[in-house]
1. Could I get the Rg over Rh figure for segment 224-377? Both from C-alpha atoms, Rh via Kirkwood, rounded to two places.
2. Once every Cα of the chain carries one equal point scatterer and solvent is ignored, give the base-10 log of I(q)/I(0) from the Debye formula at q = 0.09 Å⁻¹, two decimals.
3. Can you tell me the order of 447-454, 88-95 when each peptide is scored by its average per-residue count of other Cβ atoms within 10 angstrom, highest first?
4. Quick check: from the Cα gyration tensor, does segment 350-395 come out rounded (a/c under 1.5), prolate or oblate?
5. Over the chain, what percent of the accessible surface lies on carbon and sulfur atoms, probe 1.4 Å?
6. Just the accessible area per residue of segment 66-166, please: how many Å² with a 1.4 Å probe?
7. Quick check: the distance between the Cα centres of segment 82-96 and segment 431-467, to the nearest angstrom?
8. Find the centroid of the Cα atoms in segment 297-336 and in segment 15-33, then give the distance between the two in whole Å.
Amino acid sequence: MAENMTRQGRGRRTLLERESELSAVDLALTELCGDPAEDPAGPRAGGVIAFAGPGGAGKTALLGEVRRRAAARGCTVLSARAGEQEQGVAFHVVRQLFQPVLAATGEETHRRILGGWYDIVAPAVGLVVSADGGSPDPHGVRDGLDWLVTRFAVQQAPVVMILDDAHWADAESLDWLTRFAPRAVDLPMLLAVGYRPEELSADSAALRGLTERQGSRPRLLAPLTPGAVGRIVREVLGAEADESFCRECWAVTGGNPFEVLELTAKVRERDLKPQSVNLAHLRELVSTAKESGLNDRLNRLGTSAVRLAWAVAVLGSEATPALAAEVAGLSTTDTAELILRLADARIFAPPRPVPAERPLEFLHPLIATAVYRAIPGALRVAMHGSAAATVLSAGRGSGAAGRHLLELHPEADPWVVRHLRAAAREYLRAGAPDTARRCLARALREPPSLQERPAVLYELGCAAQLSEPAVTVNHLRAALEEPALGPELRESVTYRLA
């Protein structure tokens, strides 16, 4: 109960001065759901609404409110959150959106839902399919996803699809989403997106056009005004906080909601009276926090807490308590206690008791980024190696281990080559040849043994065939020149080259 009240309190504070955005949400939901007082059945019109702003501006809080209001209106809600560590995992966002829907049913139902698209789309949404299947054309996978979402939107209408931190979305999911988004206006579906404009990569730049194609622009979240910051300061620290102290809190945070909340929490921890006589102490507190505040806060919790936080940062969305404990080298009992301590220190988000194996999350993506970057370089590489072995032991497959293996230094390790090749096969089966090529190119740099090198070159050439035929030719010719090339593989290479 206390945890829920804390979440609600933080949510209210981060939604201060967001009346314009919330009005736009209500209008979009009314257009989507219709007005029950006039016509319960409709009309229904979908579209796209996007919120843009720097880290900590309140995008996640707004999207959480979209979820709450959509559920209250009886909408079917699909949601995903892209992660900085998962940008190279093909269809990571797509799987977050649809796996909760598909997890409650069996293969027979999946085949009924996907129909003739099953063999093409199933690997992309994370369903297990026969390893004997071919590699679908990425355009075919996109068409299959379009068909799946269109059918779902019609059958489960009205539907609200939410994507947070879209600037970190994997290229395959983002490519599908930006192409599909214009169709939302013709479906009973609202697509709500949040992203940081300053972190858009070349692949994610198309996000800027998502709403513009619908006749509007992304809603840029403005910093909080001095008055709003003063309300937060007085709510957290007491009504006796004077005006000069509140205004200084606004000045040093730039009105960023997350930074304001973090600053007030630090002031309360230090038992600093919110009065003008303490302005110098406030500035010193802010300076210290910006330099090493998070690391100091983490280090004060002890070595075990640091290792657990690092393990969660490395694992990303795979960071269940069990996997994080394995990577950190901790017992289950110690991990459970440390999770609570890290949450109390505002490093982890408050843990949710059900289900017990729900992935651990940092309180904010800014914290996750800072923790990951604080890991010493050599140790971070070693932890990715441990994470790869851990997810493989947990039965999550080479595809899940692939992003960790890409972070390792080449050491001519046959185990790394084997699993990178297996990961590439999984990605090809899902219709993600570019991600498969990254895995195979890295396997080639390991390097593989002389006996295995021709096969890696052949697979690398096959992965590039649809997008870069000239590259395919180069790799296949290189494979033909390998002294260890066997007769059967030589025939396959020659046939493919011809």
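The values are calculated or read from the model by the stated rules, or taken from the named source; none is laboratory data. In this text, all values refer to a predicted model and were calculated from it rather than measured experimentally. So basically every Cβ, Gly included, is an ideal-geometry build from the backbone, and we count neighbours across all protein chains shown. In case anyone asks, the SASA skips ligands and DNA or RNA and just uses the protein heavy atoms, side chains included. Shrake-Rupley method; radii C 1.70, N 1.55, O 1.52, S 1.80 Å.
1. Checking Rg against Rh, the ratio lands at 1.04.
2. -0.72
3. The packing order, highest mean first, is 88-95, 447-454.
4. Oblate.
5. Within the chain, the accessible surface is 53 percent carbon and sulfur.
6. That works out to 44 Å² per residue.
7. So the separation of the two Cα centres works out to 21 Å.
8. 38
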